[in-house]
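The values are calculated or read from the model by the stated rules, or taken from the named source; none is laboratory data. Everything numeric in this text was worked out from a predicted model, so none of it was measured. For neighbour counting, all protein chains shown are included, and Cβ atoms are generated from backbone atoms with ideal geometry for every residue, glycine included. With ligands, DNA and RNA removed, areas are computed over all heavy atoms of the protein, side chains included. Shrake-Rupley method; radii C 1.70, N 1.55, O 1.52, S 1.80 Å.
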Amino acid sequence: MSSEIIQLIAQDVRSCTLCGLAAGRTRAVPGEGPADAKIILIGEGPGYHEDRQGRPFVGQSGQFLDDLLAMAGLARADVFIANVVKCRPPQNRDPLPDEVAICTENYLYRQIEAINPQVIVTLGRFSMSLFLPGERIMRIHGQPRKVESRLIVPMLHPAAALHQPQNRPLIEADFRSLPAILARAEAEQAAARPSPARPMPDDDRPLEQLSMF
Ligand code: URA
Ligand code: SF4
């Protein structure tokens with residue numbers, strides 16, 4: 001069951017000391033949401049309030065994230081919310097490359113695998129770079145890209161939109177487009193699945209018949 005895997009990963013995160021960020025944290029923030037969520041949102045790392053509570057996006061940018069989700073017709077309980085690094089970097093500095101590498105290999109990628117979402121929304125450039133390296137967020141935000149059968153939707157970080165008001169309409173428009181993007185992802189996955197009326201030629205049919213194809 002993927003919910004058990006998600007719980008096990010969260011347990012490991014809470015006691016993790018694999019990178020230097022462990023030393024400065026109050027609580028690690030594994031992430032939360034339904035184990036069968038169709039959408040994962042990935043932020044950068046815990047801030048002050050997240051570090052104290054052990055939960056993602058509970059500070060000011062979290063309140064804004066709730067507003068943004070509402071614009072997409074979504075509630076927090078509909079999505080899984082995670083971060084690139086699970087422990088707060090000192091003074092909210094950028095996570096270092098080895099911290100990102102260690103944490104994502106051990107936790108984030110396993111969370112994604114267990115949840116198997118159709119859509120991954122990256123919030124900010126660190127998160128985007130995991131899936132779309134070398135891209136520029138201001139150029140590609142809001143544009144879904146297929147990466148290994150999932151749609152990656154790069155978005156600005158909510159904190160960046162809060163602190164730079166001119167970015168607000170951009171991130172709001174991107175969230176409003178999310179239902180249509182999810183519908184596209186679902187349609188594409190349905191089309192890729194073998195339909196019951198036309199089985200894929202791999203099961204019960206005799207080999208001679210298969211060879212005609
Ligand atoms: N910013 C993030 O990137 N993640 C959080 O969990 C909170 C704020
Ligand atoms: Fe472990 Fe990630 Fe925290 Fe580093 S940031 S200590 S790898 S959970």
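Values computed for the structure shown
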quantity: Total residues in segment 65-94, condition out of contact with any strand residue (DSSP E or B) (no Cβ under 6 Å at 6 or more places or on another chain) and near ligand 1 (Cβ under 10 Å from one of its atoms); calculated: 6
quantity: Matching residues, segment 23-55, being open to solvent by less than 20 Å² (accessible area, probe 1.4 Å), assigned to a loop (DSSP other than H, G, I, E, B) and more than 16 Å from ligand 2 (Cβ to nearest atom); calculated: Ala35, Ala37
quantity: Test: residue in segment 58-79 that is open to solvent by 10 Å² or more (accessible area, probe 1.4 Å), more than 16 Å from the chain's Cα centre (by Cα), within 15 Å of ligand 2 (Cβ to nearest atom) and farther than 26 Å from Leu151 by Cα; calculated: no
quantity: Residues (at pLDDT 95 or above and either in contact with a helix residue (DSSP H, G or I) (Cβ under 6 Å, 6 or more places away or on another chain) or open to solvent by 60 Å² or more (accessible area, probe 1.4 Å) (or both)) located in segment 1-15; calculated: Glu4, Ile5, Ile6, Gln7, Leu8, Ile9, Gln11, Asp12, Val13, Arg14, Ser15
quantity: Segment 130-159: number of residues that are part of a helix (DSSP H, G or I), touching a strand residue (DSSP E or B) at 6+ places or on another chain (Cβ under 9 Å) and either without any contact (Cβ under 8 Å) to a residue 40 or more places away in the chain or more than 17 Å from Ile42 (Cβ to Cβ) (or both); calculated: 3
quantity: First in segment 12-23 and more than 19 Å from Arg93 (Cα to Cα) and β-branched (Val, Ile, Thr), second anywhere and outside any helix (DSSP H, G or I) and at pLDDT 95 or above, Cβ under 6 Å, 6 or more apart; calculated: Val13/Ala28; Val13/Pro30; Val13/Lys86
